[in-house]
Amino acid sequence: ASLFADVEVAPAIEVFALTAKYNEDTFAEKVNLGVGAYRTDDGKPWVLPVVRNAESQMAADLTLNHEYLPVAGLPAYREAAIRLLLGDGHPVVVENKVEGIQTLGGTGALRLAAEFLKQMLKKDVVYVSNPTWGNHRGIFKAAGYSQIKEYRYWDAANRSLDLKGMLEDLKNSPDNSVVILHTCAHNPTGTDPTEDQWKQIIDVCQERKMFLLMDCAYQGFASGDLDKDAFAVRYIASRGIEFFVAQSFSKNFGLYNERTGNLSIITNSPDVKLRVRTQCELIVRKMWSNPSNHGARVVATVLNNPALYDEWKQQVLIMANRIKLMRQLLYEKLRSLGTPGTWEHVIKQIGMFSFTGLSLRQVENMMNKHHIYLLKEGRINMCALTTKNVEYVANAIHDSVI
Ligand code: PMP
């Protein structure tokens, strides 16, 4: 008998299982709308030209080596990540109150935040939106939180933000809970609060003494404008609040497998900043010791060079615009088919995903009959649509709905 005889096979991770099924499928017109990764209009992954450019420079730079990075990561990267988030010359940066810790993707930043808040501030309750990115719950559970609670977010009947429900649930939170808020391009609903709604949300969080953990995985994908997409974070900082931001460059740099993230720590003094950073370093030392170099070096090279930065902004816009075009095309096809239901939400939602409102039975019909793979909750990755497959997908939605 094996020492592992009692270890059971774990349940599949939905999004990876979908890709495996898709890869096995031999049907010519199959479509994978599951995984959240950008695709070109040929349905291919896109290495941003500006990333290739930075990589060529790095390959030619013989002063670079493979020594360990500092525990907190590459300084030029952490500074650039903070500048991108808060904007040039933000008072909290000028006053030396912000620190960045390079992490293994946005996931690593969330996990580091969860650990720090548990160990140092004794947090034990976290609020996540309903619905949210599936991993939020798992990350906080793994960090030992006893309660993972939900705040209402999605009004399924009206396919819009349930602000009233959200505020009510936040108002009823126990003192000192952690709350995860998506900075922009909410995953999976594609629906963000307006600027005025943000003010109301932050008011309630402040009233309830909640710790704000902003999840910023899609800066640039919501509006195409990096500054606009950082509104919530800049607004919170302008109110003098101390908070964390889990940043990911997986999507906006297309650096998915390089695990390029940053935990930005906004404090109210240089002294506090130092204390938090050094404690985070001890936690990192025990989790992954120090981060990997490549993705961070690419991002630092681009963000710290004005010409490359401009080039990158253009390429983020190309991605954002292609998604908008796909929303429009899908919407028009559904309209022209006369598919029952309103489909305005497809063009109203923003960012990488559309929360279609398809039921489980309809999703299953998409997969089993049409070879189109999507999450059970009905989320589709808009970037997986192309001018070549959008008609096929629209027809399949139509067939699944009628
Ligand atoms: N937060 C959200 C909302 C996400 O959608 C993702 C990626 N799917 C992450 C965090 C994690 O990003 P990363 O791949 O950089 O770990």
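The values are calculated or read from the model by the stated rules, or taken from the named source; none is laboratory data. Nothing here was measured: the structure is a model prediction, and the numbers come from that model. No Cβ is skipped: glycine too gets one built from the backbone with ideal geometry, and neighbour counts run over all protein chains shown. SASA here: full protein model, heavy atoms, side chains in, ligands and nucleic acids out. Shrake-Rupley method; radii C 1.70, N 1.55, O 1.52, S 1.80 Å.
Listing for the model above:
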quantity: Region 23-145: relative contact order in percent, alpha carbon pairs under 8 Å with at least 6 residues between; calculated: 15
quantity: Cα-centred dipole magnitude for region 40-120, charges only on beta-carbon of K, R (+1) and D, E (-1), debye, nearest 20; calculated: 240
quantity: The chain - mean residue ellipticity at 222 nm from DSSP helices (-39,500 (n - 2.57) per run, n ≥ 4, rounded to 500); calculated: -14000 deg cm²/dmol
quantity: Alpha-carbon gyration tensor eigenvalues x 5, square-rooted, for region 122-165, Å; calculated: 24, 11, 5
quantity: Relative contact order [Cα under 8 Å, 6+ residues apart], the chain, whole percent; calculated: 25
quantity: Debye, to nearest 20: dipole size of the chain, +1 on Lys, Arg Cβ, -1 on Asp, Glu Cβ; calculated: 300
quantity: Simple spin-label estimate for residue 130 and residue 65 in nanometres, 7 Å along Cα-Cβ; calculated: 5.5
quantity: D (Stokes-Einstein, µm²/s), Kirkwood Cα radius, region 71-168, 1.306 mPa s at 10 °C; calculated: 101
quantity: Percent breakdown of C-alpha pair distances by 10 Å bin, ordered from the shortest bin, for the chain; calculated: 5, 22, 31, 26, 13, 3, 0
quantity: In region 75-164, the trypsin sites (Lys or Arg not before Pro) that fall in loop regions by DSSP, at most 12 other Cβ within 10 Å; calculated: 122
quantity: D_trans [Stokes-Einstein, Kirkwood Rh over alpha-carbon pairs] for region 95-233, 25 °C, 0.890 mPa s, µm² s⁻¹; calculated: 158
quantity: Extent along principal axes [Cα atoms of region 344-394; Å; largest to smallest]; calculated: 27, 24, 16
quantity: Gain upon complete extension [residue 147, residue 16; 0.36 nm per residue less C-alpha separation]; calculated: 44.5 nm
quantity: Region 196-299 - convex hull of alpha carbons, volume per residue in Å³; calculated: 122
quantity: Above-threshold pairs, the threshold being 29 Å between Cα atoms, out of 251/369; 122/273; 44/141; 44/333; 122/251; calculated: 251/369; 44/141; 122/251
quantity: Accessible area of region 1-118 divided out per residue, in Å², using a probe of 1.4 angstrom; calculated: 57
quantity: Selected from 321, 65, 135 as most flexible by GNM, with the chain as the system and alpha-carbon contacts under 10 Å; calculated: 65
quantity: Set of aspartates and glutamates near residue 149 by C-alpha distance (under 16 Å), chain-local residues within fewer than 8 positions excluded; calculated: 124, 168, 169, 175
quantity: Kirkwood hydrodynamic radius of region 296-402, from inverse mean 1/r over distinct Cα pairs, in Å; calculated: 15.2
quantity: Among 127, 176, 143 - extreme Cα towards positive end, dipole of region 69-216, charges at beta-carbon; calculated: 143
quantity: Residue among 272, 92, 204 with the largest mean-square fluctuation in a Gaussian network model of the chain, springs linking Cα atoms under 10 Å; calculated: 272
quantity: Selected from 359, 177, 292 as most flexible by GNM, with the chain as the system and alpha-carbon contacts under 10 Å; calculated: 359
quantity: Region 272-402 - charge dipole about Cα centre, Lys and Arg +1 at Cβ, Asp and Glu -1, debye rounded to 20; calculated: 540
quantity: Label-to-label distance, nm, for residues given as residue 286 and residue 55 (7 Å Cα→Cβ offset); calculated: 3.6
quantity: Surface share of carbon and sulfur [accessible, 1.4 angstrom probe, percent] for the chain; calculated: 52
